[in-house]
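Right, one structure below, let's go through it.
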Amino acid sequence: MVMADVKIEINQCEEAMLKATQHLEQELTKIRAGRANPAMLDGIRVDYYGTETPLDQVSNVNTPDGRTITIQPWEKKMIEPIQKAILAANLGFNPNNNGESVIINVPMLTEERRKELVKAAHKEGEHARVSIRGARHKALDGVKKAKQGGLAEDLAKDADSEVEKLTGIYNKRVDDLIAAKEKDILKV
């Protein structure tokens, strides 16, 4: 019975660590690297007849080239609310429209801005590491309680090493994600 509890604890630990890295990936897509990407507009909600609706549910979002994002609303009268929502999101974009769609020109990044974005990416990475450490701590506490409840010493050591192995794997994943994003941001 006690070993089953430890297995559950380790599985929950791994699940929490996986969620932390997935969240990091999601947050890193929001940090722009100088090229237009529809993911830059994820999270923007538009007032659609009094209901806050995700942008991608009222329009098509495309990137015809590396410097432009076009938003083709399904209803022409949505152009103005889309522009207002983009401005309200405070992403540093100035949306224009041609009467048919909203056009965002993504400006080139300055060296100073690139360094700020790298810092932001590292900050997100640290948030992920904190979550991973929290999951590790919780799992190790669970193993310690199981040991007090009668779990054999060798099984407890195996469980501890399994948790540490998972921690190493997911911390390496965070490092890899941050390194890739940093390389992407600094590439001119």
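The values are calculated or read from the model by the stated rules, or taken from the named source; none is laboratory data. Just so it is clear, the structure is predicted and the values come from calculations on it, not from any experiment. Every residue, glycine among them, receives a Cβ derived from its backbone with ideal geometry; neighbour counts consider all protein chains shown. The protein model used for the area step is the full one, side chains on, heavy atoms only, and it has no ligands, DNA or RNA in it. Shrake-Rupley method; radii C 1.70, N 1.55, O 1.52, S 1.80 Å.
Report, in degrees rounded to the nearest 10, the 0 to 90 angle that the Cα long axis of helix 79-88 makes with the longest principal axis of the chain. Relative to the chain, helix 79-88 is tipped by roughly 50 degrees. A cut-off under 14 angstrom between Cβ atoms defines the neighbours of residue 84, and their net charge, with Lys, Arg +1 and Asp, Glu -1, is -1. Projecting the Cα atoms of 169, 8, 31 onto the charge dipole of the chain (Cβ charges, centred on the Cα centre) puts 31 farthest toward the positive pole. Across the range 59-120, the fraction of Cα-Cα pairs farther apart than 19 Å, rounded to a whole number, is 36%. Given 144/165; 115/183; 145/172; 115/181; 123/145, which pairs have Cα atoms separated by over 23 Å? Distance filter (> 23 Å) returns 145/172; 123/145.
Rolling a 1.4 Å probe over the protein heavy atoms gives the range 112-188 an accessible area of 62 Å² per residue. Relative to the globular-protein estimate of 2.2 N^0.38 Å, the Cα radius of gyration of the range 125-188 stands at 1.51. Expressed as a whole percent, the accessible surface of the chain that belongs to carbon and sulfur atoms is 51, based on a 1.4 Å probe.
When you work out D = kT/(6 pi eta Rh) for the range 1-85 at 10 °C and 1.306 mPa s, using the Kirkwood radius from C-alpha pairs as Rh and the Stokes-Einstein form, the result is 101 µm²/s.
Here the chain is scanned for chymotrypsin sites (Phe, Trp or Tyr not before Pro) in DSSP loops (not H, G, I, E, B) that have at most 14 other Cβ atoms within 10 Å, and the longest stretch holding none of them is 75-188.
Rounded to the nearest 20, the size of the Cβ-charge dipole of the chain about its Cα centre is 440 debye, with Lys and Arg at +1 and Asp and Glu at -1.
At a threshold of 8 angstrom on Cα-Cα distance, excluding pairs fewer than six apart, so keeping six or more, what relative contact order does the range 1-76 reach in percent?
20
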